[in-house]
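We did not get these values from a lab; they are worked out from the coordinates using the rules stated. Predicted model only: the values in this text are computed from it and were never measured. Neighbour counts run over all protein chains shown; Cβ positions are idealised from the backbone, glycine included.
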Amino acid sequence: MVRFFARHLQLGKRFTSSSILPAAFPSCKLKPTAVLTTHNRSIRTPSDEVGRAHHASNRKEQTSNHTPTLFQKIISREIPADIIYEDKQCLAFRDVNPVSPVHFLVIPIKPIPQISSCDKSDQALLGHLMYVAQSLAKKESAMDEGYRIVINNGKHGAQSVYHLHIHVMGGRQMTWPPG
């Protein structure tokens, strides 16, 4: 059964536990937030990301600007991460909950809550983040056929950590539309 899901995920097919699963596997009780396995990596389905974003949005409104985010704790090494790149302006690391065989994040060292809070002085930094994202993607052989770059912004954009971050995902056929 895991091979079925992994194969469909690699092919970019969409499925939900309420539509395809009952017909294909009548006894299957897979939840929408299930973890799939492919290429020896676990891949979380994105269905729970919206809930996380709503929760994060409520937390953002309740906490002060002095509370460090998860990503600030990764930058300061309070929380471990699989760091793949670092310079004076940014840090890149593998996502702990990947949604594709290759999934990493590029974040600025400067604490910018979200893309909509950037100003003109952040132009060069934003360009640098995109340049780092594409140069790291070039080094991933699984991304030779292409990849997706995503920036979530705010509650409706499913932003779950209020520190600007770029998702770089690949290693399989992406579907469209994404959301």
Spin-label model distance (nm) - Ile109 vs Ser135, 7 Å beyond Cα toward Cβ: 1.5
Taking the simple approach of a point 7 Å from Cα along Cα-to-Cβ for both Ile84 and Gln123, what is their distance in nm? 3.0
Candidates per trypsin sites (Lys or Arg not before Pro) in region 86-162, loop by DSSP, up to 12 other Cβ within 10 Å: Lys88
Got the relative contact order for region 94-179 handy, in percent, Cα pairs under 8 Å and 6 or more residues apart? 44
Peptides ranked, highest mean first, by Cβ atoms within 10 Å: ranges 105-116, 74-85: 105-116, 74-85
A convex hull over the alpha carbons of region 50-170 yields, per residue, a volume in Å³ of 110
